Every structure is written in C-alpha cells, then in structure tokens.
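Please treat every number below as a calculation from the coordinates, not as lab data. Model, not experiment: these values are computed from the prediction. FYI the Cβ positions are ideal-geometry reconstructions off the backbone, even for glycines, and counts take in every protein chain you see.
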Amino acid sequence: MTKILSVENIELYYDHIYALKGVSIDVDEGETVALIGANGAGKSSILRAITGLRPVKSGQILYEGQKLNGTSASEIVRRGISMVPEGRRAFPLMSVKDNLLMGAFTRTDKAEIEQTLENVLTRFPRLRERYHQQASTMSGGEQQMMVIGRALMARPKLLLLDEPSLGIAPKLVQDIARAIVAISRDEKVSILLVEQNSRMALSISNRAYALSTGSIALSGNSKDLMNDDRIKAAYLGGEI
Amino acid sequence: MEQIIANGLYLGAQYALIALGLTLIFSLMNVLNFAHGQMYVFGGFVTYTVVVQLGLPFIVGLFASAIVLAIMGAAIEKFLFAPVVRRSKRDESTMLLAAGVAFFLDAVILLFFGEKQRGVPKIVNGVFNWDMRIIMPYDRILIGVLAILLIVVFIAFMNYSKTGRAMRALAQDKMAAQLMGVNVARYSMIGFALGAMLAGLVGGLLVTITGVNLGMGGPTSIKAFLMIMIGGAGVISGAIAGGFILGMMESVGLTVLSAYGDITYLVIFATLMIFLAVRPQGLMGKPWG
C-alpha cells in the first residue's frame, strides 16, 4: 500500500494555545481512516492544517509524497483533496444544482463534470428530487448528503469528512455512514473521517486514531479499537 | 399617474444599477463603499471626455467608462482594501478607508475634469408623447431601457456564469468557497471591479441626461446607501427593489409634494427612519448580528 497522506509531527496553535502538539497520522490509498476523540481534542485542527486553512507551526504534511505546508486552501482542491467541513457549510441561498456545481469549480472538463454530476445524483437520489430547491430549505441530513456530493464533484483522491454526523437525526446518521462506505467502495478515493460519534466512525473505517488534548492517545485497526477497554471507557459511552 | 410611474421606472432603473454595484461589494467583502458615488461621477466624466472632447460615439464613451472604472475598482481593491482587510480585524477600518477613497476621488475628479457641470449632447432627439399621458424624451427612454438591459445582463451573469456563481458562493460562505477552490483574493478583486464598473456605467448613461458635476458624488453615495437599506444589504433582489422603490418615491414626491416646496427627500428620510425602526434588515435582508 502506498501512502497518499502522511502528517508528520505537526504542531498547531490558536493564538498562543496549542491545538496539536506533535501529531503524526497517515492514510494509505483506498483506505478509510477515522480520527476520534472528544470535543476540542484537535481532530478538526488536523483537517484544517491539511487543507491549508490553518498554518502549522512545525512538522510537515506530505500528500502523494509532496509537501503541502503553506499551500493555499484553494490550491489544495486542485491537487485532489476535498473537504466536507464541520457544520456542512452549504451555500444556503443556492440551489442544490449550484451547490454541486461549485464542487467542480476547479475543473474545466465540461462533459466529464456532467458525468460526475450524474453519478452524484444517482448516488443521492434525494438530491435529484431537490435539484432546483434552495439548500437552506432542506433538512440537515439532506444538506449533509449534498455537501458530500459537492465534495465528490471535484473527483478527489482524498476526501476529508469533518463530523458528518453532527446535528443529524440518528436515523439519517446510518444513511450517511452507508454512503461513506459506498463511496469508499465505488470511487478511487481515500477517506479521512473525523467523528465524535466514535461507534459509527470505528464501524466504517479500516484504521483509527484516538486523539486526546492535541496528541494521539491510541491508534490501530478499527475492529481492535472497538473492543479496546480504554476506547470503550473513553469514547464509546463510558465516562472519561 | 402614468407619467409618475414612467419617471419612477426610469429613475429606478438607474438607481437599481448603482445599488447593485454597492451591494455586490458589500456582500463579498463586507466593505461599505462610501466612494461609490464618486465612482459614478468619474464614469460620467470619462464618457464626457470620450464623447465631447475626443468626438467619439456615445457607445465608445460608455465602454470606456466601464473599462476605466473596472480597472480603477480592481486597483483600489488590490492596493487599498485587500491589505486593510487582511491586517485589520475591525470593520471600521474599511469604512474609514472607503471615506478616504471618496475624498481622494473627489480630488482626482477636480484635478482632471474641473469643477464645471459637464454633459454630452442628446444622443437621440424627439419626445415620446402618449396622448399627453406619458411624455418622455426618447433619450430618457433609451437610457432607461439600456439600464434595465444591464440589470438583466448582470443578474444572468451572477446566476449562470461560473464567475458569478463563485462570487455568490464567496458572499454566502467564504470558508466553504475557499474549500471549493475559489481564490478569495482574486474574486474579491473581480467583485470590486464589477461593482465599480456598474457605477461607471450608470455615470456614463446619466451624463447624457442630467450631466455630472463634482458635487454629485457624495449625495449619490447616500442615495445608494438608502436603496440598499430599503432593500436589505448584500442581497441582489434587495438592491433592485430598493432602487426602484427610491426611484418611485422620488418620482411621486417631485410631482405630488412639489407644491409644498423641496421636501421630497425630507419625507423620504422620515419614512425610511420609521421603516427601519420596524424592519432594520430591510425588505429582503436577513437580520444582522
């Protein structure tokens, strides 16, 4: 397996407070990797560092063997990394169609964009029904499907998902989990999934890292972690 | 009655075009461009220079205004607003900068074009007369139609072009737009250039009817702000609604209230104060905060 992403020993600060102190993770091609941990453990900061939304203080991020540090957020999409941000961040006043087309913003191959759009609409039939509807009028779950579709419109090699289950009705969380599994199966894409819903994240990923206050506390095969007592105690319902 | 509506529509189309430029800049960059009126005046003088002094056709003058103002807008954004937005966390900074740009442009206009009122000769002659119910010179009709056409083109551009879509995305969620690959710096500049271009175009249109002079900049900015406050700042439909509403109010006021002296704007301001007390976000806007 070749590594598509490796994050090496990064440190990241907000003002003078550290969010990450020496975190290393890697993602192999075709793999789904989960980052779990409590609120404020630094999960989202890792994604922000990868996408260039936040500069890292030290350490480096390699994507397909090349450095990503200092690459702008808009350039990173062109290199094949798409992010579904926390809180969905749909374009509220745009139609589903325009939201999806924004996902293909960096692409110029018109005919192939049509093809990708068709694939996304087939994957999420709900979006076809709501194609001309304004995004803000849809439910949280539908919007989540839409922003995942929007990210796929860029035909990414690496898909970053930040808390896709946050604020979604429990029944729809399952749908989203299934969609992530299906995407990983059908597309040539590696997935880095950040989730507070550790049970869901561990059940659909190959490997996982558990973060605690800015560093990796545990890592390993997701199945093993699911049965790990420490994980059970800390992340799967027990008290910390 | 028909006359009042026709006048209102004519005025409203110009106003809506000015308000669209202002609201575009506001929605993309959160900048209140106090220099918008000056940009409009500048556009008028560019058309005047090209048509009267160089003797070229009106349409060339109009294009020249659009191009000069677009370049000016891009430069002002890139070298003045962008650095301030990047360094300052406070909205007041860009407001002060915008006010400074307004004074600066006033000075530039004085320097290049002088303090005299300037106009260009009528581009078409004759008066349209519908049974004495609507009387309107053909040149006003032409300018009104051109303005409406430009509004339609602008809306189509914002809705159906890739650039327009990117600007809407940027206005609605900057971070998400970045994640889609939209280069914020570049599209802020394009938006500012486009907003300034619209102001310049209206200046170029109106110089054929009312002429322009140095003193018009400030009052025009204030009118433009009135419009986007009526309609709701940062919303395209709001700018258009605000423009036409102000145009209508002015038209009605000038006809109905003229017997009581020049009190149209007094009444408009008083009405607006009451309206904003009830609905501070304007007609189409979202509540701020």
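For the reader, a short list of remarks on this structure follows.
- Of the complete DSSP H runs in chain A, those spanning 15 angstrom or more by Cα along the long axis with a mean Kyte-Doolittle score not below -0.5 are A:140-152, A:170-186.
- Taking a straight line from the alpha carbon of B:Lys89, these aspartates and glutamates sit under 19 Å away, with near neighbours fewer than eight places off in the same chain left out: A:Asp15, B:Glu77, B:Asp173.
- Taking all C-alpha pairs of chain B, those more than 29 Å from each other amount to 33 percent.
- Mean Cβ neighbour count within 10 Å, used as a protection proxy, ranking A:147-155, A:176-184 highest first: A:147-155, A:176-184
- In this rough spin-label picture, where each label sits 7 Å from Cα along the Cβ direction, the B:Val152-A:Thr2 distance is 5.4 nm.
- Amide H within-cut-off set for A:Ser215, under 5 Å, with H built and near neighbours excluded: A:Lys21
- Chain B, relative contact order [Cα under 8 Å, separation at least 6], %: 38
- For chain B, the 222 nm mean residue ellipticity estimated from helices alone, with every DSSP H stretch of n ≥ 4 adding -39500 (n - 2.57) and the total spread over all residues, rounds to -23500 deg cm²/dmol.
- DSSP-defined beta bridges in chain A - what % are antiparallel, rounded to 5: 55
- Under 5 Å, built H, 5+ apart or other chain: amide partners of A:Leu5: A:Val27, A:Glu64
- Tensor-based shape of segment A:36-104 (alpha-carbon gyration tensor, a/c under 1.5 rounded, otherwise prolate or oblate): oblate
- Across segment A:18-35, computed HN-Hα scalar couplings (Karplus, 6.51 cos²θ - 1.76 cosθ + 1.60, θ = phi - 60°) run 6, 10, 9, 10, x, 9, 10, 9, 9, 10, 8, 4, x, 9, 10, 10, 9, 10 Hz from first to last residue, x flagging Gly and Pro.
- DSSP H segments from chain B that extend 20 Å or more along their own axis, Cα-based, with Kyte-Doolittle mean of -1.0 or above: B:2-29, B:58-76, B:91-113, B:138-160, B:184-206, B:217-231, B:236-256, B:264-278
- Relative contact order [Cα under 8 Å, 6+ residues apart], segment B:1-120, whole percent: 32
- Where a label projected 7 Å from the Cα of B:Thr163 along Cα→Cβ would reach, residues of segment B:11-45 with amide N under 18 Å: B:20-29
- Phi to ³J(HN,Hα) by Karplus 6.51 cos²θ - 1.76 cosθ + 1.60 over segment B:174-180, Hz, x for Gly, Pro: 4, 5, 5, 4, 4, 5, 7
- Amide H contacts under 5 Å for A:Ser190: A:Gly30, A:Leu158, A:Leu159, restricted to partners 5 or more places along the chain or on a different chain, H placed in the peptide plane at 1.01 Å from N.
- Counting Cβ atoms of other protein chains within 10 Å of each Cβ in A:74-82 and taking the mean gives 3.
- Given A:Lys110/A:Lys188; A:Lys3/A:Lys223; A:Lys97/B:Lys162; A:Lys43/B:Lys162, the pairs whose alpha carbons are separated by over 23 Å: A:Lys43/B:Lys162
- Look at A:Glu114, B:Glu92, A:Glu31 and count the other Cβ atoms within 10 Å of each Cβ; fewest to most, that gives B:Glu92, A:Glu114, A:Glu31.
- Spherically averaged projected area of the protein assembly as shown from its Cα convex hull (nm²): 29.0
- Annotation: aspartates and glutamates with alpha-carbon distance below 16 angstrom to B:Lys122 (same-chain offsets under eight excluded): B:Asp139.
- Sorting the segments B:223-233, A:214-224, B:264-274, B:176-186 by their residues' average number of neighbouring beta-carbon atoms within 10 angstrom, most packed first, yields B:223-233, B:176-186, A:214-224, B:264-274.
- In percent, rounded to a whole number, the relative contact order of segment A:3-235 is 28, using alpha-carbon pairs under 8 Å and six or more apart.
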